[in-house]
1. Can you tell me the orientation of helix 140-151 relative to the chain, as the angle in degrees between its alpha-carbon axis and the longest Cα principal axis, to the nearest 10?
2. With all protein chains present and a 1.4 Å probe, how do W99, W159 order by accessible area, largest first?
3. Where the convex hull is taken over the Cα atoms of the stretch 47-134, what is its projected area averaged over directions, in nm²?
4. From the square roots a ≥ b ≥ c of the eigenvalues of the alpha-carbon gyration tensor of the chain, which class results: rounded (a/c under 1.5), prolate (a/b over b/c), or oblate?
5. Karplus couplings for the stretch 22-27 from phi (6.51 cos²θ - 1.76 cosθ + 1.60, θ = phi - 60°), rounded to Hz, Gly and Pro as x?
6. By how many degrees, between 0 and 90 and to the nearest 10, does the Cα long axis of helix 113-126 differ from the longest principal axis of the chain?
7. Starting from 0.36 nm per residue, how many nanometres of slack lie between S181 and R168 once their C-alpha separation is accounted for?
8. What nm value, rounded to one decimal, do you get for the distance between A125 and Q56 when each label is placed 7 Å out toward the C-beta?
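The values are calculated or read from the model by the stated rules, or taken from the named source; none is laboratory data. Predicted model, so just to flag it, every value in this text is computed and none were measured. Backbone-built Cβ (ideal geometry, glycine too); neighbour counts: all protein chains shown. These area figures cover heavy atoms from the full protein model, side chains too; ligands, DNA and RNA do not enter into them. Shrake-Rupley method; radii C 1.70, N 1.55, O 1.52, S 1.80 Å.
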Amino acid sequence: MTDVVRLTLVSHAMTDAMAATRFPDDEPLNALGRRQAQAGAVELFRGASHLTGPEQRARQTAGLLGLAAAADPLLADLDCGRWRGKRLQDVPPGDLTVWLTDPARAPHGGESILDLMQRVGGWLASLTDNTSPAVAVTHPAVIRAAILRSLDAPPKSFWRLDIAPASRIVLHFRSGRWTLSL
């Protein structure tokens, strides 16, 4: 039998920035987000290694889920550079269009989608030697990148995946490849 790695990716819960369609910064969960995370606490995660993105919202979600998670910089949110904390309508429309249509570009001065996918791909590869289950509380962008990497899907598909706050995605690594479990 082939060894299998089980990875559960948990999206951080709701923040005021998400509710107001602002680019993320290092904001905490809002009241709804705290309720979402508390409601999601389950025993499913016992026996797994627990990881989290370094941002406050990811660490707070992990804590409310009852996870003693170690922060991993490779699980950090997409770096939106100069756009951090800004509303979508405050970004020049031409720059926003470039960012949403060209995964290699980062007009905000931060990280491109391709850079994020490479970072997340390296992190996924680092998990394949250990058959212990893992839980990672992270960001919608990181989860999108992980899904695209697992499916060998093109980076241009990045914005076609909606990841809800406090949602869970399960990936398995077996026979040399990641699969998505729905």
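1. The answer is roughly 60 degrees.
2. Working: W99 10, W159 85 Å².
Order by accessible area, largest first: W159, W99.
3. 6.8 nm²
4. Details: a/c = 2.16, a/b = 1.26, b/c = 1.72.
Cα axes put the chain in the oblate bin.
5. 9, 5, x, 10, 9, 8
6. The helix 113-126 is inclined about 10 degrees to the chain.
7. 3.6 nm
8. Here the answer is 3.5 nm between the modelled labels.
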